[in-house]
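A short worksheet on the structure shown next.
The values are calculated or read from the model by the stated rules, or taken from the named source; none is laboratory data. What you are looking at is a predicted structure, and each value in this text was computed from that prediction instead of being measured. As a convention, Cβ positions derive from the backbone with ideal geometry for all residues, glycine included, and neighbour counts pool all protein chains shown. Calculation scope for accessible area: heavy atoms of the full protein, side chains included, ligands and nucleic acids excluded. Shrake-Rupley method; radii C 1.70, N 1.55, O 1.52, S 1.80 Å.
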Amino acid sequence: MKELCSRLGWIVNVEKSDLVPKQVFNYVGVRWDLKGNRVFPTSENLDKVKTSILGFLGSRWQTAQMWQSLLGKLTAQQRFIPYARLHTRYLQWSLMTQWTQGVDHQSQLVEIPRIVEQEMWWWMDKTYDPEGVPLVLPDFQVQLFTDACTTGWGAIVGNAIMFHGKWTKEESRSSINVLELKAVRLSLERLHE
């Protein structure tokens, strides 16, 4: 293959190339496991996340620039760690409520709330033995569709099972987001019966 590339006038960068086919390899900052059908953060990227978190947690206050740097590293890896996006939200929210980009200076100190500290320890835990995420998502075994409005809710499971109900007066005063979540919960409970 190397000779063919050379005859075609292509220059192979041997230093950056892996000339032996592999099922597990690092490419574009991701560890690919084709045999196991999973992708993972690379150990180098996990080390950067660990170092950033430990530096971040070294003080009760950090600069907005440090917050943004940590957020950037976490955001880059969250696609490869299950539930990581969820565990980044408090960090984003805490920074947003204490500092405004374009208005406040990046050197402004921002307090680290306890909940953010807890989330950072969750991240640290995930960096030691990451489970990765599926390269190809498995087929769904059950599909659940729900809907809610201020008068009631409904659900369809697959093509055949249907559930529905009406809200009490007190429930109907809840926000639509709450009603939608209740519809999902009630549907799952009925499906489990």
Within region 66-121, how many residues turn out to be open to solvent by 80 Å² or more (accessible area, probe 1.4 Å), within 26 Å of V30 (Cβ to Cβ) and not in a helix (DSSP H, G or I)? 2
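In this structure, is K35 open to solvent by 100 Å² or more (accessible area, probe 1.4 Å), within 20 Å of V133 (Cα to Cα) and in contact (Cβ under 8 Å) with a residue 12 or more places away in the chain?
On the way: open to solvent by 100 Å² or more (accessible area, probe 1.4 Å): yes; within 20 Å of V133 (Cα to Cα): yes; in contact (Cβ under 8 Å) with a residue 12 or more places away in the chain: yes.
Yes; evaluated as a whole, the condition is true for this residue.
Out of F56, F40, I need the residue that is farther than 18 Å from Q118 by Cα, open to solvent by less than 50 Å² (accessible area, probe 1.4 Å) and among the aromatic types (F, W, Y). Which one? Spell out the reasoning first.
Details: F56 fails: farther than 18 Å from Q118 by Cα.
Going through F56, F40 in turn, the sole match is F40.
Looking only at residues that are of a type outside the set (S, T, Y) and touching a strand residue (DSSP E or B) at 6+ places or on another chain (Cβ under 6 Å) in region 168-190, which one is surrounded by the most Cβ atoms within 10 Å (Cβ to Cβ)? Before you say what the answer is, go through the steps one by one.
Looking only at region 168-190, we keep the residues that are of a type outside the set (S, T, Y), and these are 169-171, 173, 176-186, 188-190.
Now narrow it down to the ones that are touching a strand residue (DSSP E or B) at 6+ places or on another chain (Cβ under 6 Å): 179-180, 183-184, 190.
Details: L179: 20, E180: 16, A183: 23, V184: 14, R190: 15.
Ranking the qualifying residues of region 168-190, first place goes to A183.
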List every residue pair whose Cβ atoms sit under 9 Å apart, with the two residues 6 or more apart in sequence or on different chains, where the first one lies in region 4-28 and is surrounded by 10 or more Cβ atoms within 10 Å (Cβ to Cβ) and the second, anywhere, is of a type in the set (S, T, Y) and part of a loop (DSSP other than H, G, I, E, B). N26/T42
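What strands (runs of 3 or more DSSP E) lie completely within region 130-181 and have 3 or more residues being without any contact (Cβ under 8 Å) to a residue 24 or more places away in the chain? Spell out how you get there, then give the answer.
Values: elements: 144-148, 152-157, 161-166.
By residue number, 161-166.
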